[in-house]
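The values are calculated or read from the model by the stated rules, or taken from the named source; none is laboratory data. All figures in this text were calculated on a predicted structure; none of them were measured in a lab. Every residue, glycine as well, gets a Cβ built from its backbone with ideal geometry; the counts of neighbours run over all protein chains shown.
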Amino acid sequence: MKLSSFTLAAGLLVIISACSESRQLSEMPEYEGAWLVANNIETIMSDSALVRIKLTAPKQLEYKRGDREFPDGLHMDFVEADGHSSSTVDAEKGYYYMDTELWKVVGNVVLQGLDQGERLTTEELWWDPGKREVFTEDNIQVTIREGNEVLTGYGLKAKQDFSEYELSEITGEFSVEEDEDEREVVNQEEE
């Protein structure tokens, strides 16, 4: 009988300690950090078998929900159907949000329109790949190659190739071309 009492007591002790250990593990907070860390990445994104984006970054972190972070900066080339890069984006940091499928780049952001020669600088820029648009509500500066003009303001919505854009609030000085027809109407109204 003594052996079986000892065996029973030891068995209970093992069960009790196992239950308290599993309780401690379940009380531990879930890991929130990166699940994947990749260095010196180059990612090619395609649509209908055509390269659309080339992304390079020194470091990429991927999280449980599929969100990505580029803590050491990134460079993106937006590629057109004919294979040429129409614009580029460079930034100190970048983020991809899986639930909204939006990208955010921050810190000395530069969007360069290669076809038209425009250059946008800002501190924060969002990219919606589904709409092929970029936007921001932050301070912006747009440099236009023709005439070397600089537009400043707040807020922008543009095609990702930077071929068309709308500025929300424009500040600063810039030239406005007048049509001869408009000039004649203005002159007639003044007389």
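A few remarks follow.
- Scoring Ile144 on the criteria (1) surrounded by fewer than 15 Cβ atoms within 10 Å (Cβ to Cβ); (2) modelled with pLDDT under 80 leaves a single failure, condition (1).
- Of all residues making up region 38-87, the number that are within 24 Å of Glu164 (Cα to Cα) and touching a Gly at 6+ places or on another chain (Cβ under 9 Å): 7
- Conditions (1) touching a strand residue (DSSP E or B) at 6+ places or on another chain (Cβ under 9 Å); (2) at pLDDT below 75; (3) under 30 Å from Ala81 (Cβ atoms); number of the one not met by Phe174: (3)
- Of residues in region 20-41 being part of a loop (DSSP other than H, G, I, E, B) and hydrophobic (A, V, I, L, M, F, W, C), the one modelled with the lowest pLDDT: Met28
- Within region 110-153, tally of residues that are closer than 22 Å to Glu62 by Cα and in a strand (DSSP E or B): 5
- Check on Lys59, part of a strand (DSSP E or B) and either of a type in the set (Gly, Ala, Ser) or in contact with a Pro (Cβ under 9 Å, 6 or more places away or on another chain) (or both): yes
- Filtered residues of region 103-123 (kept if surrounded by fewer than 16 Cβ atoms within 10 Å (Cβ to Cβ) and acidic (Asp, Glu)): Asp115, Glu123
- Residue check, Arg68 buried (at least 16 other Cβ atoms within 10 Å of the Cβ) and under 15 Å from the mean Cα position of the chain (by Cα): yes
- The sole residue among Ala38, Ala91, Ala49, Ala81 that is surrounded by 17 or more Cβ atoms within 10 Å (Cβ to Cβ), of a type outside the set (D, E, K, R) and free of Cβ contacts under 8 Å to residues at least 40 places away in the same chain is Ala91.
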